[in-house]
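See structure below.
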Amino acid sequence: MEPNDTVSPAGGPRPRPRGRTALIIAAAALLGISGGTAVGYGIQAQRPPTPLPTLAQRGLGYPAKPLPAGKAPAPLPASEDRQVRTDGDLRKLLVQRPKGAKASSSHPRKGGEWLPFPEYVREFKGERAMFLYLAENDLRRIAVTGWAQGKYRESSVTLVQFRSNAVMGAADHFGGQLSYMPEAAEGAGNAGDPLEGTGSGRYFLYAVEREAGYLPFYRARALAVRGDIMIDINITDSKPISKKDIRVLAERQLERL
């Protein structure tokens, strides 16, 4: 009998527990698997790379040949890079006051001015809700300009800029303003007309408001979005406003963005 063998009450050697044998077998199997995997990786690493199958449709590779170093396109100048322009002084992108127009009583500074956040939200009926909404959507800054023409005509252009992130604040704010414009109670009461050169920008003429003892009140509005900027343009007058007046003003502003 070996020194490590124990003796059973009957005097014969006691067999090892079955769990111990199973553990040894499992460990050997694991070593075999690990060793086989390592050998497989080693063989695969020594093989040349397998080329990918050809595309089912030809001509998808672009460019077909890389351009020579001397013919590579130069980076956009700052004047053509929209993001560079809109990251600068936003007031400089506001449309200029027309010749012969006077300073607006509400926005008298020529060349535009910054509009404080609280002052902007006061233009909406749901002031508190609008404040929270714009704050949650990362409002960045607001630039505004305005002027007066004739006896009672007032025009204003507002650029509402949001921080560029996943929230898409400008497009969302634009969509919210556009959504109620067809309603007669809150908006213009019609679907408006599309602004060319924009995906979904539109301009509207409101129905005239008449009240005893007061002059008639006419209004036109244009809404559009360019990148991280929502554009809001308004014209008011005591005389009818043509579609051309609001459309041309909107187009002039869009050209600067």
Largest first, how would 255, 186 line up by accessible area (1.4 Å probe)? 255, 186
Where 125, 239 fall by accessible area, highest first, once all protein chains stay in place (1.4 Å): 125, 239
Where a Cα-Cα gap under 15 Å defines reach, which aspartates and glutamates qualify for residue 102, not counting those fewer than 8 residues away within the same chain? 154, 237
Which value, in debye to the nearest 20, gives the size of the charge dipole of region 131-247 about its Cα centre, when Lys and Arg are +1 and Asp and Glu are -1 at the Cβ? 420
Net charge near residue 124 (other residues with Cβ under 13 Å of its Cβ; Lys, Arg +1; Asp, Glu -1) is -2
Quick check: pseudo-label points 7 Å beyond the Cα along Cα→Cβ at residue 105 and residue 132, how many nm apart are they? 3.5
Pop the C-beta distance of residue 215 and residue 122 into the FRET formula with R0 = 22 Å and round what comes out to the nearest 0.05. 0.35
Find the accessible area per residue for region 106-235; the probe is 1.4 Å, ligands and nucleic acids are left out, and the unit is Å². 52
Along the Cα→Cβ direction, 7 angstrom out, place labels at residue 96 and residue 236. What is the inter-label distance in nm? 2.8
Accessible area, probe 1.4 Å, largest first, for residues 130, 168: 168, 130
Per the 1.4 Å probe, what fraction of the accessible area of region 141-254, in percent, lies on carbon and sulfur atoms? 53
Total formal charge among the other residues, if their Cβ is under 12 angstrom from that of residue 149, Lys/Arg +1 and Asp/Glu -1: +3
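The values are calculated or read from the model by the stated rules, or taken from the named source; none is laboratory data. No experiment lies behind these values; they were computed from the predicted model shown. For neighbour counting, all protein chains shown are included, and Cβ atoms are generated from backbone atoms with ideal geometry for every residue, glycine included. What goes into the accessible areas is simple: the full protein's heavy atoms, side chains included, and nothing from ligands, DNA or RNA. Shrake-Rupley method; radii C 1.70, N 1.55, O 1.52, S 1.80 Å.
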